[in-house]
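Student: One structure, pasted below without further comment.
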Amino acid sequence: MRELVVGEILKPQGIRGEVKVKPFTDSAETFRSFKRVFLGEEEYKVLSVRTGDGFVYLGLRGIADRNAAELLRGKKLTVPRDEAPALPEGSYYIADLLGSTVKTAEGEILGTLKDITQAASDIYTLDMGGRDVLFPAAKGVILQVDPAGKTIVVDKARFNEVAVL
């Protein structure tokens, strides 16, 4: 079974076992479609979903209090790939893009996509030979995305204008 990493548990939220999750999806609202999630090999039924400020707050069966939720801190949430909702054309799961090779239209390899921070315009973190370089996914910067081939093609001139070295 192929799994899709959809988020990371940041911390307990409140005293009733709810957890605060950093979503690795385009929208935190995507979590409303998940009936179950996995933490490693352990399956949890989703009892409640709230969203706010770009975060997801989950209530999971079997996690009844803050102490139980604390044990989940830092764990990655996964769902079976075939249970993830289909995305509209031009949208991708962040998890499908992480690890992609970022190169210019001319074929020059710039580095590997390490992280994506969600913002008005997503901020991509590129590992360029051990050095983190940030750049926005702004219009004209990213020319092509191929999640299956794990490649992202950028316009070199535009990338050089907006990249933060």
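The values are calculated or read from the model by the stated rules, or taken from the named source; none is laboratory data. Note that the coordinates shown come from a computational prediction; the quantities given were computed from them, not determined experimentally. Cβ placement follows ideal geometry from the backbone for every residue including glycine, while neighbour counts extend to all protein chains displayed.
Student: So, in the stretch 91-110, exactly how many residues are of a type outside the set (A, V, I, L, M, F, W, C) and surrounded by 18 or more Cβ atoms within 10 Å (Cβ to Cβ)? Reasoning before the result, please.
Tutor: Step one: of the stretch 91-110, the residues of a type outside the set (A, V, I, L, M, F, W, C) are 91-93, 96, 99-101, 103-104, 106-108.
Narrowing the set further to residues that are surrounded by 18 or more Cβ atoms within 10 Å (Cβ to Cβ) leaves 93, 96, 100.
So the answer is 3.
Student: Scanning the stretch 62-90 for residues that are surrounded by fewer than 13 Cβ atoms within 10 Å (Cβ to Cβ) and not in a loop (DSSP other than H, G, I, E, B), which turns out nearest to the chain's Cα centre (by Cα)?
Tutor: 82
Student: Quick one: would you say residue 21 is modelled with pLDDT of 95 or more, farther than 22 Å from residue 98 by Cα and surrounded by 15 or more Cβ atoms within 10 Å (Cβ to Cβ)? Even if it seems obvious, please write down each step before you answer.
Tutor: Values: modelled with pLDDT of 95 or more: yes; farther than 22 Å from residue 98 by Cα: no; surrounded by 15 or more Cβ atoms within 10 Å (Cβ to Cβ): yes.
When the stated conditions are applied, residue 21 does not pass them.
Student: Related question: Would you say residue 48 is free of Cβ contacts under 8 Å to residues at least 40 places away in the same chain and either surrounded by fewer than 16 Cβ atoms within 10 Å (Cβ to Cβ) or under 16 Å from the mean Cα position of the chain (by Cα) (or both)? Write out each step before concluding.
Tutor: Details: free of Cβ contacts under 8 Å to residues at least 40 places away in the same chain: yes; either surrounded by fewer than 16 Cβ atoms within 10 Å (Cβ to Cβ) or under 16 Å from the mean Cα position of the chain (by Cα) (or both): yes.
Answer is yes for this residue.
Student: Let me ask something else about it. Do we have residue 104 as among the β-branched types (Val, Ile, Thr), in contact (Cβ under 8 Å) with a residue 60 or more places away in the chain and either touching an Asp or Glu at 6+ places or on another chain (Cβ under 9 Å) or not assigned by TED's automatic domain parsing to the domain that holds residue 141 (or both) here? Walk me through it before giving the result.
Tutor: Values: among the β-branched types (Val, Ile, Thr): yes; in contact (Cβ under 8 Å) with a residue 60 or more places away in the chain: no; either touching an Asp or Glu at 6+ places or on another chain (Cβ under 9 Å) or not assigned by TED's automatic domain parsing to the domain that holds residue 141 (or both): yes.
The answer is no for residue 104.
Student: Can I ask one more? Here are some residues: 164, 154. Which one is aliphatic (A, V, I, L, M) and surrounded by 13 or more Cβ atoms within 10 Å (Cβ to Cβ)?
Tutor: 154
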